[in-house]
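Computed from the coordinates by the stated procedures, all read-outs in this text should not be read as laboratory data. Keep in mind it's a predicted model, so treat the numbers as computed, not measured. Neighbour counts run over all protein chains shown; Cβ positions are idealised from the backbone, glycine included.
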Amino acid sequence: MVNNRPRPPELSLAKASAKLAASRCVAVLTGAGASAESGIRTFRDTMEGLWQEFDPARLASPEGFARDPATVTRWYDTRRLGCLAAEPNPSHLALAQLERAMVAKGGEFIIFTQNVDRLHQRAGSRHVVELHGNILEWRCTRTGRVVELEPQAQTEFPPPSPFSKDGVLRPHVVWFGEELPRAALQKALEVCPRVDYFLTIGTSSTVYPAAGLIELVDRGDCTTVEVNRESTGASGRVDFALVGSAGDIVPRLVAQAYPTSAA
Ligand code: BV8
């Protein structure tokens, strides 16, 4: 059911919360907007400082890495340090609370995140599927072996690999044109048919196949909710498009469905 009639935010929030309280299997899709209030720039924000002349989509690609591995790995190391310095925001913490409430009542809960910052895990979420990998781990271009880098700036770009003489380290993320982790896609195909509440937070819904998740759940018996500062390509197809910041709306949505004492 899609209802495009504009609704005052409070009424929509209350209705979306009531559906959340009654749900048995919740899936969440998060994008860069879910981490924006932790101080991590979204992918579409203008690149700042020394990166302003770069196009993120070109840097986040095998071609970009092959063309200029030093610049690409320096950009990623700068972002990695930013993620390490960031803290989970109220939206991350509310999702961790929601997971606990769902588990406590014998329900299912999972987060599919496009973000590479690991803030969901640092907020206490356990059921997290990283669709696009993560920026804290890097892998050897020769052996594929993965290592979590030390929490200080790299000094060589690209970083030498500890696993092979002629390999270097690249971020363990999924670049444009690269396949998503097979296990992540399989998990989505396994869970989505059971989902009765799909919540998408802070994503422009432009990057596929992540943006296609909603098609796996939108069968009419699943409540679909979007939280975003602005409307997106998904806004017209969800049951509730809650316009506002993730750090404000998500805690209210969860608190109304599962008052703190119960979670
Ligand atoms: C692949 C990791 C194929 C790296 C990223 C159809 C099907 C399949 C593929 C395609 C397809 N069409 C096109 C493609 C190709 C491509 C694609 O989707 N291109 C787009 C640009 C059209 N997809 C791929 O290449 C994928 N790979 O399909 O491979 C294949 C198959 C077989 C064999 C080989 C290959 C891989 C895509 C993954 C790329 N990697 N990230 C890194 O992070 O550096 S994508 C990266 O950009 C992010 O992870 C994220 O997913 C994306 C940006 O999207 P968002 O997260 O939504 O962020 P964005 O900035 O766009 O928007 C932020 C939103 O938040 C906004 O709406 C804003 O309003 C809102 N917001 C801001 N602040 C707040 C807020 N909301 C609430 N509160 C706030 N405070």
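For the chain, find the longest principal axis of its Cα atoms and tell me its angle to the long axis of helix 9-21, 0 to 90°, nearest 10.
90
Give the calculated FRET efficiency between THR206 and LEU84 to the nearest 0.05, with a Förster radius of 30 Å applied to their Cβ-Cβ distance.
Working: r = 27 Å, r/R0 = 0.90.
Efficiency computed from Cβ-Cβ geometry: 0.65.
Which ³J(HN,Hα) values in Hz, rounded to whole numbers, follow from the phi angles of segment 94-110 under the Karplus curve 6.51 cos²θ - 1.76 cosθ + 1.60, where θ = phi - 60° and Gly and Pro get x?
5, 5, 5, 5, 4, 4, 5, 5, 5, 5, 4, 9, x, x, 10, 8, 8
Sticking with the crude label model, points 7 Å out along Cα→Cβ, report the distance from LEU11 to GLU53 in nm, one decimal please.
5.3
Using 0.36 nm per residue, how much length does the chain from LEU189 to ARG237 gain when fully extended, once their Cα-Cα distance is taken away?
Taking LEU189 through ARG237 to full extension adds about 15.3 nm, to one decimal.
Which peptide among 89-96, 239-246, 54-61 comes first, and what is the full order, when sorted by highest mean count of other Cβ atoms within 10 Å?
On the way: 89-96: 24.5, 239-246: 20.1, 54-61: 16.8.
Descending packing order for the listed peptides: 89-96, 239-246, 54-61.
With the cut-off at 1.5 for a/c, could you classify segment 193-246 from its C-alpha gyration tensor as rounded, prolate or oblate?
On the way: a/c = 2.02, a/b = 1.35, b/c = 1.50.
Oblate, because a/c is 1.5 or more while a/b does not exceed b/c.
Can you list the lysines whose alpha carbon sits under 18 Å from that of LYS19, skipping same-chain ones fewer than 8 residues off?
LYS105
Quick one: if you stick a label point 7 Å off each Cα along the C-beta vector at GLU179 and SER164, how many nm between them?
In this crude label model, GLU179 to SER164 measures out at 1.8 nm.
Given the chain reduced to its alpha-carbon atoms as identical point scatterers, what log10 I(q)/I(0) does the Debye formula return at q = 0.07, 0.12, 0.13 Å⁻¹?
So the normalised log intensities work out to -0.25, -0.72, -0.83.
Under a point spin-label approximation (7 Å from Cα along Cα-to-Cβ), what is the ARG44-GLU63 distance to one decimal in nm?
2.2
If the chain between GLU148 and ARG219 were fully stretched, how many nm would it gain, using 0.36 nm times the residue separation less the Cα-Cα distance? Don't skip to the end; give the middle numbers.
Numbers: separation 71, 0.36 × 71 = 25.56 nm, distance 3.97 nm.
Additional length available on full extension: 21.6 nm.
Order of 114-125, 29-40 by packing, highest average Cβ count within 10 Å first? Kindly include the intermediate steps, with their values, before the conclusion.
Working: 114-125: 22.2, 29-40: 23.7.
Ranked by mean Cβ neighbours within 10 Å, highest first: 29-40, 114-125.
Go through 169-175, 100-106 and give me the packing order, highest mean Cβ count within 10 Å leading.
Working: 169-175: 21.1, 100-106: 15.0.
Ranking the peptides 169-175, 100-106 by packing returns 169-175, 100-106.
Expressed as a whole percent, how much of the Cα-Cα distance distribution for segment 1-152 exceeds 19 Å? Kindly include the intermediate steps, with their values, before the conclusion.
Details: 7138 of 11476 pairs.
Every Cα pair in segment 1-152 considered, those over 19 Å come to 62 percent.
Do the sum for the chain: with -39,500 (n - 2.57) for every DSSP H run of n ≥ 4, divided by all residues, what is the mean residue ellipticity at 222 nm, to the nearest 500 deg cm²/dmol?
Values: 9 runs with 86 residues, N = 263.
Only helices count here, giving -9500 deg cm²/dmol.
Can you list residues whose amide H is under 5 Å from GLU108's amide H, if they're 5+ apart or on another chain and H is modeled 1.01 Å from N?
Under 5 Å from the amide H of GLU108 lie the amide H atoms of CYS25, VAL26, each far enough along the sequence or on another chain.
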